[in-house]
1. Given the conditions (1) at positive phi; (2) within 25 Å of the chain's Cα centre (by Cα), and given that B:H257 satisfies all but one, which numbered condition is not satisfied?
2. Scanning region B:260-276 for residues that are hydrophobic (A, V, I, L, M, F, W, C) and part of a strand (DSSP E or B), which turns out farthest from the chain's Cα centre (by Cα)?
3. Can you go through A:Q263, A:Q215, A:Q281, A:Q287 and tell me which one is facing chain B (nearest Cβ under 10 Å) and of a type outside the set (V, I, T)?
4. Test A:G179 against the stated conditions and say whether it is under 15 Å from A:T284 (Cα atoms), in the same structural domain as A:E234 (by TED's automatic domain parsing) and modelled with pLDDT under 90.
5. Residue by residue through region A:192-229, note down the ones that are touching a Cys at 6+ places or on another chain (Cβ under 9 Å) and farther than 18 Å from A:T252 by Cα.
6. Mind listing whichever residues of region A:74-88 are more than 10 Å from chain B (Cβ to nearest Cβ) and of a type outside the set (K, R)?
7. Let me spell it out: the conditions are (1) surrounded by fewer than 24 Cβ atoms within 10 Å (Cβ to Cβ); (2) within 26 Å of the chain's Cα centre (by Cα); (3) away from chain B (no Cβ under 14 Å), and A:D236 meets all of them except one. Which number is the exception?
8. Hey, can you tell me all the residues within region B:156-200 that are of a type in the set (V, I, T) and within 18 Å of the chain's Cα centre (by Cα)?
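The values are calculated or read from the model by the stated rules, or taken from the named source; none is laboratory data. Keep in mind that this is a model prediction, so the values were computed, not measured. Neighbour counts are summed over all protein chains in view; Cβ atoms, including those assigned to glycine, are modelled from backbone coordinates with ideal geometry.
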Protein chains: 2
Amino acid sequence: MATLKDVAKLAGLTTSTVSRVINNRGYISENTRKKVDDAMKDLNYHPNEAARSLRMKSTNTIGLIVPHVSHPYFAEMISNLEARAYEKGYKILLCNSQCIHEREEEYIRMCINHKVAGIILCSGSVALDVFDGVDVPVITIERFLDNRTASIECDNKQGGALAAEKLIECGCKHLLHVGNIGTLSMPADMRTEGFREVCERKKIPFVEIYTEDTQYYRMEYDEMLENVLQKYPETDGMFVNSDVIAAQTLQTCRKFHISVPDQLKIIGFDDTNIAQLTTPQLTTIHQPVKEMAEIAINLLNDSVAGKLVAKRTVLPVNLIERETT
Amino acid sequence: MATLKDVAKLAGLTTSTVSRVINNRGYISENTRKKVDDAMKDLNYHPNEAARSLRMKSTNTIGLIVPHVSHPYFAEMISNLEARAYEKGYKILLCNSQCIHEREEEYIRMCINHKVAGIILCSGSVALDVFDGVDVPVITIERFLDNRTASIECDNKQGGALAAEKLIECGCKHLLHVGNIGTLSMPADMRTEGFREVCERKKIPFVEIYTEDTQYYRMEYDEMLENVLQKYPETDGMFVNSDVIAAQTLQTCRKFHISVPDQLKIIGFDDTNIAQLTTPQLTTIHQPVKEMAEIAINLLNDSVAGKLVAKRTVLPVNLIERETT
């Protein structure tokens, strides 16, 4: 079996340079990296990650805990996080908590056992004691967590305010807001705050509906939407907390022969790819998912390197006007 | 620091039972597992996975290599694979190759270095020599790979045939098929075979369009679809290779004032969640993604345990009729 020395000899480099390439330490030119890669390939040399991670303090793996993989928002977030992680030499251990509290805790413990370099948490509101003794960076995206390394959010309040302003500007008089999961406290709750503030200032009445985590996990809002539109038939403007809900609202409107945007105007949230695939296409609040993912990986990487990192990062959102307003 | 012995003492079990729970070996009752979990939690005991995987032949991690994370089909596949893996005690190392050949190879090598228990490959057509010296199971989903452990496919040919039969039954005389990526050989190519056979037998002419991997990766087919519908204005029935393409075809039809299904009938493939969010809702070929994921994890698990596993598994598909036919 080939050794590190054999690789160094074939690549025409010192063993310490080869070791630096394999461990991704310090600056390494593309040329050097290629030489080492080629030599490793020729010799069928596989550095043993398990042995390496024992010697090193941690692996180059990031534990990514999400509540949902197939929801378009998380699918895009995971995709962007994986791409940025790859660029920085990290691997992603994917954990889908399915909004189950016990599973979140179990995954966090599993990540620690695997000696991950850090954890990115996009799921739930984990009890603080789960993190007792955890000494790796924990980055949260769109979730609250006291005393962790860093949190990244979009400006949810601004998003809610933009939606209210737009609907009122369009002449809507009876607004309805489908908000967050009633039992969880999340940064996304601030969308409701922003929406409410504008409505109160402009003296436009609005109804607020909470959702349930089973609706969220199954992405099934049809029944709730049908009940709501029957209960509040005067509604002429809706702001809903995701494009998935907005797309299902369009289906419900079609069933009830409500013309969008003539009789009812709709604004979603996220700006995922489905926003451009509905008829009419969705007006929505754009979350800068790509930038949020990039910042999350950078913060984690800086924190691993012992640098001081921003505790809270809030990115702006903007309204993308399409056809539902 | 707590030891395995401390955990056993607190749980009132033998160290070998605790070891079996931690290593997920043999039958363990829910009650025993809970006792060990509670004791580990109370003592803040973290079995060191890196040390454990050095002693054991491999880790309990599965390397999952996909070409695309945010594509609805892969998002659903990943979600189902993760859920089944969790049930069997495996973790998922997520690798997004982005259809880049070099990256696929790099990820495969990375998986081997990490001593994964097995690899599930949903990406590309990797050169065989990459797997030289790989002695873990490699399961492919909807991809060809000679001499690997097992492959799982849906009956793509049946899917193509069902689509052709439906369109012809609806009275379509000028069919168009938007097929697979021209430069890659994949099981999904058989959709075209099935479609062609039926058309030829029933003597219905059809045009065949190939797609490009950049269109696939960006999920942007608009320009191609506009060109195609302008070049073949007589088209009255389309079978396209994914719901994403079908949803974008609906947008193009709207732009060109082509009424669906009156003037043009459309059938997609996959039956992902967007199929029910378009207007009109998509008629499509349902892939049994849930069952495919379950079989993939079972085959991998059986293969790890040294059992003989089916080399090729083909699952049936069915046509879900909604509103585009």
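1. Failing condition for B:H257: (2).
2. Here the answer is B:I266.
3. Matching residue, one of A:Q263, A:Q215, A:Q281, A:Q287: A:Q281.
4. yes
5. Matches in region A:192-229: A:I204, A:P205, A:F206, A:D213, A:T214, A:Y217.
6. Residue satisfying the conditions is A:E87 alone.
7. So A:D236 meets the others, but not (2).
8. B:I181
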